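Report on one structure; see the data block that follows.
The values are calculated or read from the model by the stated rules, or taken from the named source; none is laboratory data. Worth saying up front: this structure is predicted, and the values here are computed from it rather than measured. Quick reminder, even Gly has a Cβ in these numbers, built from the backbone with ideal geometry, and neighbours come from all protein chains shown.
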Amino acid sequence: GRIVLATHNPHKVEEFAAIVAAYRPDVEVVGYDGPEPVESGTTFADNALIKARMACAHTGLPALADDSGICVDVLGGAPGVFSAYWAGHKKDAVANLELLLDQLSDIDDSHRTAKFVSTIALVLPSGKGHVVEGHWPGRLATQPGGDGGFGYDPIFIPDGQPAGEERTVAEYSAEEKNAQSHRARAFAALAPLLAEL
Ligand code: ITT
């Protein structure tokens with residue numbers, strides 16, 4: 001069957017295509033170029049459902065949407081749902097991560113803990129909706145490193161790496177990121193439902 005991916009972010013499309021293929025190589029992931037909904041929700045789950053419902057209604061296909069962001073403990077969970085626009089109304093990844101580094105300039109390493117969050121909604125043409133969430137814990141670097149990935153990847157150092165060899169996500173290969181990321185973890189929780197497609 002086919003499934004529509006309700007995102008305008010080409011990096012997410014690439015990551016999802018790889019992650020879905022690992023579970024269901026027979027499912028074709030198609031892009032969505034219909035109207036972009038207003039993400040008026042106050043939670044990742046609300047926004048993911050808004051996006052998936054819009055794409056399902058517009059195409060008649062089962063729709064997947066991801067609403068995601070970075071949550072910094074010392075900022076009380078911000079940027080959170082505001083991650084894409086942290087430095088202003090324009091989606092400017094470099095400005096966003098520079099502002100976040102500025103906001104943490106006085107914070108020492110042990111208090112720079114954060115997590116990436118991905119909330120994925122699956123909406124079926126029957127109207128049934130499912131929401132799952134994945135977390136990827138780590139901490140913020142003091143300066144950007146690496147040129148892979150997107151968004152906040154150059155300043156996020158995932159937990160669980162060997163001491164002295166720690167890398168940002170922007171220094172991971174795409175395969176490594178897609179095996180461990182918040183998006184992969186959320187998707188793992190959704191995989192059983194894909195059997196319904
Ligand atoms: P769509 O709404 O069209 O899917 P978007 O990029 O606007 O695309 P969000 O509203 O969910 O998506 O914003 C998520 C932001 O969180 C994204 O723009 C990045 O700044 C950040 N983000 C999410 N996942 C990330 C990842 O894997 N690596 C780095 N940054 C990420």
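Among the residues of the stretch 107-122, write down those that are more than 16 Å from the ligand (Cβ to nearest atom) and either modelled with pLDDT under 95 or not in a loop (DSSP other than H, G, I, E, B) (or both).
Scanning the stretch 107-122 gives Asp109, Ser110, His111, Thr113.
Kindly indicate whether Pro154 is within 12 Å of the ligand (Cβ to nearest atom), free of Cβ contacts under 8 Å to residues at least 40 places away in the same chain, buried (at least 21 other Cβ atoms within 10 Å of the Cβ) and under 19 Å from the mean Cα position of the chain (by Cα).
On the way: within 12 Å of the ligand (Cβ to nearest atom): yes; free of Cβ contacts under 8 Å to residues at least 40 places away in the same chain: no; buried (at least 21 other Cβ atoms within 10 Å of the Cβ): yes; under 19 Å from the mean Cα position of the chain (by Cα): yes.
No: the conditions fail for Pro154.
Check Ser173 against each of (1) surrounded by 14 or more Cβ atoms within 10 Å (Cβ to Cβ); (2) over 15 Å from the mean Cα position of the chain (by Cα) and name the one condition it does not meet.
(1)
Tell me, please, whether a residue that is of a type outside the set (Ser, Thr, Tyr), over 19 Å from the mean Cα position of the chain (by Cα) and farther than 25 Å from Asp109 by Cβ can be found in the stretch 181-191. Show your work before the answer.
Within the stretch 181-191, the first condition is being of a type outside the set (Ser, Thr, Tyr), and the residues that meet it are 182-191.
This time we only want the ones that are over 19 Å from the mean Cα position of the chain (by Cα), so: none.
For the stretch 181-191, residues of a type outside the set (Ser, Thr, Tyr), over 19 Å from the mean Cα position of the chain (by Cα) and farther than 25 Å from Asp109 by Cβ: absent.
If you check Glu39, Glu15, which single one turns out to be within 12 Å of the ligand (Cβ to nearest atom), within 16 Å of the chain's Cα centre (by Cα) and modelled with pLDDT under 90?
Numbers: Glu15 fails: modelled with pLDDT under 90.
On inspection, the qualifying residue turns out to be Glu39.
Which residue pairs have Cβ atoms closer than 7 Å, lie 6 or more positions apart in sequence or on different chains, and pair a first residue in the stretch 76-87 that is closer than 17 Å to Ala48 by Cα with a second residue that is of a type in the set (Val, Ile, Thr) and within 8 Å of the ligand (Cβ to nearest atom)?
Pro79/Ile70; Ser83/Ile70
Residues being within 13 Å of the ligand (Cβ to nearest atom) and farther than 23 Å from Tyr152 by Cβ: count how many of those fall in the stretch 18-36. Reasoning before the result, please.
Within the stretch 18-36, the subset within 13 Å of the ligand (Cβ to nearest atom) is 18-19, 31-36.
Now narrow it down to the ones that are farther than 23 Å from Tyr152 by Cβ: 31-35.
Looking only at that region, the number is 5.
Among the helices (runs of 4 or more DSSP H) lying completely within the stretch 1-106, list those that include at least 2 residues that are surrounded by 14 or more Cβ atoms within 10 Å (Cβ to Cβ) and acidic (Asp, Glu).
No helices (runs of 4 or more DSSP H) qualify here.
So for the stretch 52-72 (the condition being of a type outside the set (Gly, Ala, Ser), over 21 Å from Ala17 (Cβ atoms) and free of Cβ contacts under 8 Å to residues at least 24 places away in the same chain), does at least one residue qualify? Don't jump to the end; show me each part of the working.
Here is the first cut: in the stretch 52-72, the residues of a type outside the set (Gly, Ala, Ser) are 53-54, 56, 58-59, 61-62, 64, 66-67, 70-72.
Still in the running and over 21 Å from Ala17 (Cβ atoms): 53, 70-72.
Subset that is free of Cβ contacts under 8 Å to residues at least 24 places away in the same chain: none.
No, there is no match, as no residue in the stretch 52-72 is of a type outside the set (Gly, Ala, Ser), over 21 Å from Ala17 (Cβ atoms) and free of Cβ contacts under 8 Å to residues at least 24 places away in the same chain.
Restricting to the stretch 180-197, count the residues that are within 13 Å of the ligand (Cβ to nearest atom) and outside any loop (DSSP other than H, G, I, E, B). Working first, answer last.
Let us first name the residues in the stretch 180-197 that are within 13 Å of the ligand (Cβ to nearest atom), namely 180-187.
Next cut, outside any loop (DSSP other than H, G, I, E, B) only: 180, 182-187.
Total satisfying the criteria: 7.
Yes or no, residue by residue, for (1) in contact with a Cys (Cβ under 8 Å, 6 or more places away or on another chain); (2) farther than 23 Å from His8 by Cα; (3) surrounded by fewer than 20 Cβ atoms within 10 Å (Cβ to Cβ):
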{"residue": "Thr119", "(1), (2), (3)": "no, no, no"}
{"residue": "Gly127", "(1), (2), (3)": "no, no, yes"}
{"residue": "Gly148", "(1), (2), (3)": "no, no, yes"}
{"residue": "Gly164", "(1), (2), (3)": "no, yes, yes"}
{"residue": "Thr168", "(1), (2), (3)": "no, yes, no"}
{"residue": "Ala179", "(1), (2), (3)": "no, no, yes"}
{"residue": "Ala195", "(1), (2), (3)": "no, yes, yes"}
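Of all residues in the stretch 124-150, how many are more than 14 Å from the ligand (Cβ to nearest atom) and part of a strand (DSSP E or B)? It would help to see each step written out before you state the result.
Taking the stretch 124-150 as the starting set, the residues that turn out to be more than 14 Å from the ligand (Cβ to nearest atom) are 124-130, 132, 139, 142-143.
Filter once more, so that each one left must be part of a strand (DSSP E or B): 129-130, 132, 139.
Of the residues in the stretch 124-150, 4 are more than 14 Å from the ligand (Cβ to nearest atom) and part of a strand (DSSP E or B).
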